[in-house]
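First up is the structure itself, then whatever we jot down about it.
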Amino acid sequence: MARTRVWRKGVLEAEDFPIERVSDYLEEKDTVVWADLRVPDEDDLHQVAGELGLATLAVEDAVESHERPKLDRYPTHLFVTTYGMSFTPDQQLHLAKVSAFVLPQALVTVHGTDFEIDEVVKAWDESPPMLDYGSRGLLYGLLDVIVDGHLSCLQQLDDQIEEAEDRLFDEPTRSGTDIQRQTYSLRRQLTGVRKVVLPMRDVADGMLRHAELHADQPDIIERLRDLRDHVIRANEWNDSLRDVIATMFETGLSLADARLNQIVRKLSGWAAIIAVPTAVTGFYGQNLPYPGYQQWWGFWVSTAVIIALAVGIWFLFRKRGWL
């Protein structure tokens with residue numbers, strides 16, 4: 001499935017034309033062409049690559065599903081790979097690969113069904129000045145939408161971490177296991193985010209350097225600098241959230257140790273209290289004469305001793321906070 005558009009001097013001229021006509025439009029002046037390939041097989045992509053002169057290695061990277069975000073330079077074009085980021089309905093992080101071939105007058109995007117290219121098209125339509133920068137403006141619009149998605153996902157993760165922090169000091173019987181599971185899930189998702197946002201800094205820097213070498217469009221340089229700032233912000237935000245998660249792990253372990261010590265103190269206190277009647281009744285169970293032996297008042301004396309000692313120990317432990 002292919003989607004196409006052509007702009008002439010920043011004005012949309014045609015769309016959804018056969019992809020075979022892309023090369024014809026590229027021969028005309030003042031045109032910018034966009035071709036979007038959705039779930040293409042390798043043969044279709046090689047056909048487009050042959051028509052536009054795309055590098056074979058770049059075509060292979062566009063088809064692969066586990067490439068890291070990167071920017072490669074070839075003699076006739078740039079090749080960019082990145083990932084859109086979103087959350088599924090069950091709050092699981094989802095990454096959607098997007099590749100782009102940037103020619104002087106054309107942008108070719110390659111992605112699967114899990115990436116919403118309509119958001120990118122909407123951004124282009126709402127910001128016509130981007131079309132004045134040609135294919136660089138189209139690429140900027142694409143990456144700007146993707147990076148904004150990264151920041152949006154980080155905001156959602158930040159909110160989830162704040163919620164987990166609020167629940168961290170709840171009673172363990174209510175939320176201990178849930179907090180551990182949620183914290184582990186957040187840590188795993190942040191690791192996935194880091195695999196995307198960390199290499200994006202190299203992509204943004206590479207685009208900026210390439211634009212500075214072609215200083216005929218200074219405005220696009222300012223936009224790319226702003227994009228790089230957003231990428232840096234995403235990296236710093238992700239690192240800070242990872243630090244918060246690490247602190248939550250340490251705090252959780254400390255709270256667990258404190259709760260365990262409290263339980264041990266309580267058990268020790270009750271064991272000491274129970275030991276008093278055990279010792280007294282054991283002493284009076286000897287087959288030897290003792291004060292009150294075989295006397296009714298001896299029973300009451302032993303009972304009074306048990307109660308007095310047990311209550312005294314209970315007050316002592318209560319005062320020290322053991323019970």
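The values are calculated or read from the model by the stated rules, or taken from the named source; none is laboratory data. Here the structure is a predicted model, which is why all the values come from computation and not from measurement. FYI the Cβ positions are ideal-geometry reconstructions off the backbone, even for glycines, and counts take in every protein chain you see. Just so you know, the surface numbers come from the protein's heavy atoms only, side chains and all, with ligands and any DNA or RNA stripped out. Shrake-Rupley method; radii C 1.70, N 1.55, O 1.52, S 1.80 Å.
Which cross-chain or sequence-distant (5 or more) residues have an amide H under 5 Å from the amide H of SER127, H modelled 1.01 Å from N in plane?
Those qualifying (amide H under 5 Å, at least 5 residues apart or on another chain) number zero.
With a length cut of 18 Å (Cα positions projected on each helix's long axis) and a Kyte-Doolittle mean of at least 0.5, go through the chain and give me the DSSP H helices that pass.
Both cut-offs are met by 296-319.
Counting each pair of different Cα atoms once, what's the Kirkwood radius of region 1-102 in Å, rounded to one decimal?
Kirkwood radius, region 1-102: 15.1 Å.
For an R0 of 25 angstrom, estimate the FRET efficiency from the Cβ-Cβ distance between HIS210 and GLN92 and round to the nearest 0.05.
So, using R0 = 25 Å, E works out to roughly 0.10.
When the accessible area of the chain is computed with all protein chains present and a 1.4 Å probe, what percentage of it is carbon and sulfur?
54
Counting only Cα atoms, I'd like the Rg/Rh figure for region 59-104, Kirkwood definition for Rh.
Radius of gyration relative to Kirkwood radius: 1.10.
Which FRET efficiency, nearest 0.05, do ASP72 and GLU119 yield, Cβ-Cβ r, R0 22 Å?
After rounding, the FRET efficiency stands at 0.30.
I'd like the per residue volume of the convex hull spanned by the Cα atoms of region 112-201, given in cubic angstrom.
Dividing the Cα hull volume of region 112-201 by its residues yields 128 Å³.
At a threshold of 8 angstrom on Cα-Cα distance, excluding pairs fewer than six apart, so keeping six or more, what relative contact order does the chain reach in percent?
With pairs under 8 Å counted, the relative contact order is 12 percent.
Note down the nm distance, to one decimal, between modelled labels 7 Å out along Cα→Cβ at LEU12 and at LYS319.
Distance between the two pseudo-spin positions: 8.4 nm.
Per residue, how large is the accessible surface of the chain? Use a 1.4 angstrom probe and give square angstrom.
Accessible surface, normalised per residue, equals 56 Å².
Calculate, for THR278 and PHE249, the FRET efficiency according to 1/(1 + (r/R0)^6) with r their C-beta to C-beta distance and R0 41 Å; round to the nearest 0.05.
0.45
I need two numbers for the chain: Rg to one decimal and Dmax as a whole number, Cα atoms only, in Å.
Answer for the chain, Rg first and Dmax second: 34.8, 121 Å.
Which percentage, to the nearest 5, of the DSSP beta bridges contained in the chain is antiparallel?
Here the antiparallel bridges make up roughly 85 percent for the chain.
Please give the length that would be gained between GLU60 and GLU165 if that part of the chain were fully extended, namely 0.36 nm times their separation in residues minus their C-alpha to C-alpha distance (nm, one decimal).
Contour length minus Cα-Cα distance gives 33.4 nm.
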